[in-house]
1. Got at least one residue in the stretch 485-496 being part of a loop (DSSP other than H, G, I, E, B), of a type outside the set (A, V, I, L, M) and without any contact (Cβ under 8 Å) to a residue 12 or more places away in the chain?
2. Just wondering, is there one or more residues in the stretch 509-524 that are open to solvent by 20 Å² or more (accessible area, probe 1.4 Å) and touching a Gly at 6+ places or on another chain (Cβ under 6 Å)?
3. Could you say whether any residue in the stretch 171-183 is in a strand (DSSP E or B) and open to solvent by 50 Å² or more (accessible area, probe 1.4 Å)?
4. Which one of these does Ser258 not meet: (1) away from the ligand (no atom under 16 Å from the Cβ); (2) surrounded by 15 or more Cβ atoms within 10 Å (Cβ to Cβ)?
5. So for the stretch 100-114 (the condition being in a strand (DSSP E or B) and surrounded by fewer than 16 Cβ atoms within 10 Å (Cβ to Cβ)), does at least one residue qualify?
6. Could you grab me the full set of residues in the stretch 115-170 that are loosely packed, with under 11 Cβ neighbours inside 10 Å and assigned to a strand (DSSP E or B)?
7. Restricting to the stretch 268-279, name every residue that is more than 16 Å from the ligand (Cβ to nearest atom) and either of a type outside the set (Asp, Glu) or open to solvent by less than 10 Å² (accessible area, probe 1.4 Å) (or both).
Amino acid sequence: MAEPKENVLMEKIVSLCKRRGFVYQSSEIYGGINGFWDYGPLGAELKRNVKDLWWREMVRLRDDVVGLEATIIMARQIWEASGHTKTFSDPMCDCLLTKKRFRADQIEAQSGIAYFYGGAVDESGAAHNVPYSVLVPAGKPPESARKTATQFYELRGIKVKSLEGERSEKAEQTTRYNPENGSLLSEARPFNLMLQTYVGPIQSEENIAYLRPETAQAIFAQFKNVLETSRQKVPFGIAQMGKAFRNEVTPRNFIFRSREFEQMELEFFIKPDEAIEAMTGTVATPGEGHPGEPQPDWGWQMWHKYWVEERIRFYEGIGLPRTTLEEYWQKPEELAHYARATVDILFKFPFGTQELEGIAARSDFDLSQHERFSGKAMGVFDEEVRTAWGKLDEEKKKALWQRYYDARFKYLTKSGVAPVHAEKDAKEDADGLAKGQYIPHVIEPSAGVDRLILALLANAFAEINEPDSKGKNETRVVMRFHPRVAPIKAAVLPLLKNKPELVAKADAIFKDLRQHMMAFYDDAGSIGRRYARQDEAGTPFCITVDFETLEGVKEINPETGEAVSNPEKKDTVTIRYRGNTDADNGKQERIAISELREWLLARIR
Ligand code: ATP
């Protein structure tokens, strides 16, 4: 998709991120490094919250998912089996004039007049036959094309006397030219995105290693170990999060597409549909909405739908409303050859609606690949399937056997196994199923931490216009994070910093709260400024310790009309809700210090 030249909202977000310490450019003091970003104090908290919430939801609160924490560098064969060494590439092309590199599939289509040249003649009269072409907008004189072409030849050391063989042609919606200067681009060629390094002291071919471009592969490689040590049975999942690296051709849109990023991935292993059918007679098919609690008759379609809905529910639960998300079901021609279905969950970013997470039904491709490449069995034995198979009538056995055989045969031949061998192997696999053996299929919800952070930042960003303490209108930012993800949950503010009793009380509250949540103590400046600073950081609750905390809340005596302290209401604090949150908008209430911690915990969980 074309990137808008300017995006005011993105500029505001990037500048807030730097000013408040959410995200900085990596290596900024040396001019930065393209495609790398650092998280500052608020960003680090935000990121930690996002990852903790994912882990809690996907691993800790489930009986059927366990975790894994694997290395970034792994055996090279992993990337051969997964297909990354051969096919993990983007098409890339270069501007023939400036050498600037583009992703060929992201070039904006343009129309205009294309000028072609056969070459140039230099001042000595020698001809240089180097074909070149320039696109100029319709209506622009040919001189501008000639000027660009002359530059092109001069950059090649030719002192141009004349251009040769000029001809022009109308061009419609072409992506062969640099949108910035009209110069012809080189032919697109594949560019492998894996970052490469060497392991050990010798920089030789056999010591080449890759920084993982996704976290998923380690899950497949460790599948058997986890199965044997976790007491899980299919269906179950293995979750992992961590760094991934891709040498993106054009990193862009801030932390949306970077070269070092983090992923949160789940591989959820399920029985093949033939095994389900053997057990339950039929395989359930999904309808609208969430399919509810997992059932024994769920095949890959139900599990896929389930995980799409679960992941959307997760996003809603951390403050991204459904209206900001879209589901995109990839069309059959867009699917990877092994994928049965892929749904992208898209978020409406300021620069366009783009992928936040992909949820793919990947059949048994991954484990099958590792079985073939490593020579180690990746299948499971499933007593339930074996028993169920034994009770089937002959016709059903034959039909299911055939379907499983066909699927395995198709996988093997597509992977380059010769048909005679594929036949033999597929037959063995189908015979295996009859004995309760199969390679699990997998559903993969794969999310990017940094993209989610950007979505949360963009969704939270709000500007409000309010009179300041002197009555002058000012625009300020309020980050409306859901309390679950907000970097700081509660700020403790003594009304005045030169009153020791107030400070001591506030300090005690802060020291208690920080044991349970990210709390922040601030005594600098007017209370209004301190609220504004917390609004900008996205802190949902400010706790003000004032004189009423010490003396009791003042109440009006109905007889005298006088304001008198009510010592029974001592030891209460003011809770001030973040400004401009949809529901609460700067509302204030009083609450007893003894109830404060539980009150907050109930609202940030
Ligand atoms: P895209 O088409 O945008 O490059 P992808 O389809 O290649 O993404 P996957 O390989 O499915 O992405 O990776 C899963 C998730 O990892 C993505 O949904 C995204 O959130 C995240 N991700 C992938 N590449 C990057 C990147 N370069 N920077 C940040 N996050 C990324």
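The values are calculated or read from the model by the stated rules, or taken from the named source; none is laboratory data. These numbers come from a predicted model, not from an experiment. Here Cβ is always computed from backbone atoms with ideal geometry, including for glycine, and neighbour counts include all displayed protein chains. All accessible areas refer to the heavy atoms of the entire protein, side chains included, with ligands and DNA or RNA removed. Shrake-Rupley method; radii C 1.70, N 1.55, O 1.52, S 1.80 Å.
1. No: the stretch 485-496 contains no residue that is part of a loop (DSSP other than H, G, I, E, B), of a type outside the set (A, V, I, L, M) and without any contact (Cβ under 8 Å) to a residue 12 or more places away in the chain.
2. no
3. Yes: the stretch 171-183 contains one or more residues that are in a strand (DSSP E or B) and open to solvent by 50 Å² or more (accessible area, probe 1.4 Å).
4. So Ser258 meets the others, but not (1).
5. Yes, the stretch 100-114 contains a residue that is in a strand (DSSP E or B) and surrounded by fewer than 16 Cβ atoms within 10 Å (Cβ to Cβ).
6. Residues satisfying the conditions are Arg167, Glu169, Lys170.
7. Residues satisfying the conditions are Phe269, Ile270, Lys271, Pro272, Ala275, Ile276, Ala278, Met279.
Residue-by-condition table, conditions (1) surrounded by 19 or more Cβ atoms within 10 Å (Cβ to Cβ); (2) free of Cβ contacts under 8 Å to residues at least 60 places away in the same chain:
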position	(1), (2)
Leu266	yes, no
Trp300	yes, no
Lys305	yes, yes
Ala336	no, yes
Gln369	yes, no
